Structures are given as structure tokens and as C-alpha cells.
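Single-structure report; data block below.
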Amino acid sequence: MKNMGFGMMRLPQLDENDFSSVDFEQVKKMADVYMENGFNYFDTAYAYHDGASEVALRKAVVERYPRDSFVIADKMPTFLITEESQVEPIFKEQLERCGVDYFDYYMIHNVSSFSEAGWKYVDTFGFCKKMKDEGKIKKLGLSTHANAEFLDNILKEHPEMEFVQLQINYLDWENDGVESRKCVEVAHKYGLPIIVMEPLKGGFLADLPEEAEKKLKEYNPDESPVSWALRYVAGIDGVFMVLSGASSLEQMEENIGFMDDYNPLNEEEHKIIEDVTEIINSNIAIPCTKCNYCISSCPSNIMIPKLFDLYNNEKIQGLKVGEFTAVGNAYRNYSFLDGVGIASDCTGCEACMKECPQQLDIASLMPEVAKTFETEVYGFTKDDN
């Protein structure tokens, strides 16, 4: 396999406010370009796009290509499981959605302290081991956003794991919360191959502060920030797959160009990345990766990742009110639609925080977001619209 996977978490949508409205026709074109260039690893999950990601995989790949020409990775959603009786029906539904008899790679999804109900008090690991014994899973592993100590403990308890999927990018490499480097070292300790998720930190590393991007361009004017980020993780010892979550055909074509014949970063480039990391950390506001796990649990129907994304853009790019037209229009487009909440609608219930892999204090951040967008920028609130 070539080492760039098609991450199907952020697929193109026909309606930006409806995650299930996947643009299947565009996904087919993306899959075709991806396969034509010799790539064949597709990563999906039960919860992605409210289930439509697995369906998109079936429509774009399974129904159109021979089964032995592609590799599928799927995941058991521990964060949705509270009872033993849920596990087998979910697995069967995944096979049906994807239109396959087996998964090449299968993961216990997002194993962490927040999802204990679905893996610690329910024998999810045991069920998946049984499915592997029956040939319905070829390789069994886990994904986690937890720290190195947690990862070490869980792998010690479950020696049947054959690989791990970790959040790794240059911004999180030495991050005290994510501990990418230390997690990689744990994977090495157990001799496990690594799949990289969030190499661009949810797109965050594609749009850098001006000072940071300038450093990259000074070294190589023709290389994009995305290429730097992908090459960084692809060169890490033990990494056999880097997931790239393209949201359009254009992004897929760009990613293929970056990864089709790449070179790992050299020593000088690694030093430049260290400087870029310092610049980003001095500007970063909210380290949200836009995984969207928080949205379904919000009783006020707030599009939390979109709000955080706009807030970060405002803070990092240093836009002034007079320069805020494009972002302002984007904010209006989704935040003032009927049935969609905005930052000031947050009740502080903290339900979303239990679902956040980055462990963000969302309830405390929302008042600042509301202040920025609803008062400082616009001078009005939702009631005025």
C-alpha cells in the first residue's frame, strides 16, 4: 500500500449544516482519482457523517471496484455504547452499510476515559477478538486521543492489539495534553505499526499565521504548508499510514501530489518546523480539530467546531472589524438559520465536553466566542436578526 489513506470523516456535503448530506457523486470522483494514482486505503467510522460515510464508501468504492483492490478500515464507536446488546448489531450494520463481508483493519474507536462505558464495562474488545477469529476482521487495533500513560496501560491490558491509530502532527508532537511523541514511543515499545490521524490538526496546519507561513516559503517558495505537515508525519519511524481527510476533489488531487513521491523532512526543515510551532502556539486560540463529536450532544444545537474555526481565524489572522466581511458572511450563513444555535445559546451544561477528544473546556470558551462575534464584531445578538 502507498502510505496516504483516504480519511472519510470530512467529506464534501450538499448542505453544510447537514452532515449526512454527503455529495456522493463528488466522493466517487475523489475515490477514482485516489485509486488511479495507486492509493487504496479507505478509513471510515460508524459515526462519521451520521452514518453516511460508510454508505459513501460502499457507493464510491465497494460497488465499483473489485474487493481485493482496496483496503477498508472501520471502527466500533465506544462513545455510543452503554450496553452489551448494542455491540453486535452495530458491527452487522457496519458490514451492511459498507457492503462487505469483512474489514481489513478494524479499531476500537476513541478508547479513552470518556468512553469507558463502551469498552471497560462492555466487552467490546472481546467481541472484536471473536470477529477476528471468525475472519470478519483481518487486523485488529485501536484508536485513541488519550495520553501516553493511558495508551501504555491499555496496550498492556490488551496484547491482542495489532496496530494503533494516533493523533500526530508537528503542533502536537510535544503538546503536554496530546503527547504525540510519547505516544509514538509507547507504540514502539509494543512493536505496533502506527496510523496517523489529524496530520493537519483538523485543517489547522493548512492555514498558518502569516509569520509562520513566511518561514516555510523562505526555505521553499513552491511547497505548501499542507505538504510540510504531511511529510513531517510520514517520516516518523513506525508510521505505515497517514490519513488525509479531503473535503473536495481539488483537495484530494493536491494531497496526492504531496504524497505520491515525497521526501521526509531533513534536519534543517525539522528546525524550521520547530520555529513554526513556536509561532503558532503564540497565536493559537482554541485547538479544536473539527472532529464534530461534540455537536450531537449539544441540546442547543450549536455548531461548535464552526464557531471555534471562525474564532481561531479571527485571532490568528488578526483581522479587524473592517476586514471581517468574508468571515462575517460565513458566520451569518450558518449561525442565524432556524434551528441552529450560536455561542450565546450555550447553557454551560458541559455535555459536549464529555465527547471532546481534545478535552477542551467548551463551556468556558463559549462566552468569549459570543463576545467576539455577537458584540465586538457585529454589535448585535441573535434576537436582533
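The values are calculated or read from the model by the stated rules, or taken from the named source; none is laboratory data. Bear in mind the structure is a predicted one, so any value in this text is a computation, not a measurement. Note: ideal-geometry Cβ built from the backbone for every residue, glycine included; neighbour counts use all protein chains shown. With ligands, DNA and RNA removed, areas are computed over all heavy atoms of the protein, side chains included. Shrake-Rupley method; radii C 1.70, N 1.55, O 1.52, S 1.80 Å.
For the reader, a short list of remarks on this structure follows.
- Check: region 127-221 dipole with +1 on Lys, Arg Cβ and -1 on Asp, Glu Cβ, in debye: 540
- Measuring from each cysteine beta-carbon in the chain, the ones with no other cysteine beta-carbon under 4.7 angstrom are Cys98, Cys128, Cys183, Cys288, Cys291, Cys298, Cys346, Cys349, Cys356.
- Computed magnitude of the charge dipole of region 156-284 (debye, nearest 20; Cβ of K, R +1, Cβ of D, E -1): 360
- Restriction of the GluC sites (Glu not before Pro) in region 163-200 to DSSP coil positions whose beta-carbon has at most 16 other beta-carbons within 10 angstrom yields Glu174.
- Cross-link pairs beyond the 23 Å C-alpha cut-off, checked among Lys139/Lys189; Lys129/Lys290; Lys201/Lys354; Lys2/Lys139; Lys59/Lys290: Lys129/Lys290; Lys59/Lys290
- Kirkwood Rh in Å, taken over region 109-253 so that all alpha-carbon pairs contribute: 16.7
- Longest site-free stretch - the chain; sites: trypsin sites (Lys or Arg not before Pro), DSSP loop, at most 16 other Cβ within 10 Å: 121-319
- DSSP assigns beta bridges within the chain; of those with both partners inside it, close to 5 percent run antiparallel.
- Close amide H contacts of Ile108 (hydrogens built in the peptide plane, cut-off under 5 Å, sequence separation of 5 or more or a different chain): Met76, Gly141, Leu142, Ser143.
- Among the chymotrypsin sites (Phe, Trp or Tyr not before Pro) in region 164-208, those placed in a DSSP loop whose Cβ has at most 16 other Cβ atoms within 10 Å are Tyr190.
- Relative contact order (%) - the chain, alpha-carbon pairs under 8 angstrom, separation at least six: 14
- Segment Glu267-Ser282, length gained on full extension (0.36 nm per residue, minus Cα span): 3.1 nm
- Amide hydrogen neighbours beyond the local backbone of Gln13, cut-off 5 Å, H modeled: Asp23
- Only Lys, Arg (+1) and Asp, Glu (-1) charged, at Cβ; the chain dipole about Cα centre in debye: 720
- Annotation: amide H-H contacts under 5 Å for Gly341 (H modelled 1.01 Å from N, sequence separation of 5 or more, or interchain): Ile302, Met303.
- Size descriptor, Kirkwood hydrodynamic radius, that averages inverse alpha-carbon separations across region 1-149, Å: 15.8
- In the assembled protein chains, Asp345 presents an accessible area of approximately 50 Å² (probe radius 1.4 Å).
- For a straight C-alpha distance cut-off of 17 angstrom, the lysines reachable from Lys136 (same-chain residues fewer than eight places away being disregarded) are Lys75, Lys92.
- Here region 52-101 is treated as a Stokes sphere of Kirkwood radius computed over C-alpha pairs; at 20 °C and 1.002 mPa s its diffusion coefficient rounds to 182 µm²/s.
- Remark: region 64-79, residue by residue, has Karplus-estimated 3J(HN,Hα) of 10, 9, x, 4, 7, 9, 9, 10, 10, 10, 9, 8, 8, x, 4, 6 Hz, where x stands for each Gly or Pro and the curve is 6.51 cos²θ - 1.76 cosθ + 1.60 at θ = phi - 60°.
- Applying 0.36 nm per residue to the separation of Arg181 and Asp123 and subtracting their alpha-carbon distance, the gain on full extension is 17.9 nm.
- When the convex hull of its Cα atoms is viewed from all sides, the chain shows a mean projected area of 18.5 nm².
- Where only C-alpha atoms are counted, convex hull volume of region 226-275 per residue in Å³: 84
- Of the residues Ile195, Val71, Gln359, the one whose Cα sits farthest towards the positive end of the charge dipole of the chain is Val71 (charges of +1 on Lys and Arg Cβ, -1 on Asp and Glu Cβ, taken about the Cα centre).
- Calculated mean residue ellipticity at 222 nm for the chain: -11000 deg cm²/dmol, from DSSP H runs with n ≥ 4 weighted as -39500 (n - 2.57), summed, divided by the residue count and rounded to 500.
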